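The values are calculated or read from the model by the stated rules, or taken from the named source; none is laboratory data. Predicted model, so just to flag it, every value in this text is computed and none were measured. We work out accessible area using only protein heavy atoms, side chains counted, and drop any ligands, DNA or RNA first. Shrake-Rupley method; radii C 1.70, N 1.55, O 1.52, S 1.80 Å.
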Amino acid sequence: MAKLPIETTETVLNLKRQLIDILDEATATEFVLFESFGETDETLPFLDEMKSVAEQATSRFSQLSALQLRIGEAQPNASADILELLAQGIAQTQQRIPAWERSIQEVKLEWNLL
């Protein structure tokens, strides 16, 4: 099994925890918005936005998990290409998380769901 530096492993695990939190928060916000106001012309863009945030977080979680598995299966070392994909995935996720969190907060503020 190819080993990653502990810092990289911890970074990936932390990002995956954050992605699960975003998924949970986006789906909960979508649910509360729908239950409180229904699916109307006014709520539909916000419901779609929460669904999109949840789907993107899920996709990113899956990507990071798949890369971890591929690295774990690599013998004796992971290829430079897979390590580069992981580095890119980490960087992209770190960039996107604040935007997803802001999107959730904006929907909550807009609909007074705080």
Practice problem: Roll a 1.4 Å probe over the protein chains and send me the accessible area per residue for the chain in Å². | Solution: 62 Å²
Quiz prompt | Cross-link reach list, lysines versus K108, counting only Cα pairs under 29 Å and skipping chain neighbours closer than eight places | solution = K16, K51
Exercise. Report in % the part of the accessible area of the range 70-111 that belongs to carbon and sulfur, leaving out ligands and nucleic acids; probe 1.4 Å.
Key: 48 percent
Self-check item: Rg/Rg_ref, the range 46-94, where Rg_ref = 2.2 N^0.38 Å and atoms are Cα
Solution: 1.41
Exercise. Mind checking the full-extension length gain between F31 and A99? Use 0.36 nm per residue of separation minus the Cα-Cα distance, one decimal, nm.
Key: 22.5 nm
Exercise. For the chain, find the longest principal axis of its Cα atoms and tell me its angle to the long axis of helix 80-110, 0 to 90°, nearest 10.
Key: 10 degrees
Practice problem: Would you mind computing Rg(Cα) / (2.2 N^0.38 Å) for the chain, counting N as its residues? | Solution: 1.29
Practice problem: Kindly express, to the nearest 10 degrees and within the range 0 to 90, the angle between helix 6-37's C-alpha long axis and the longest C-alpha principal axis of the chain. | Solution: 20 degrees
Quiz item: To the nearest 10 degrees, how steeply does helix 44-73 sit against the main Cα axis of the chain, on a 0 to 90 scale?
Solution: 10 degrees
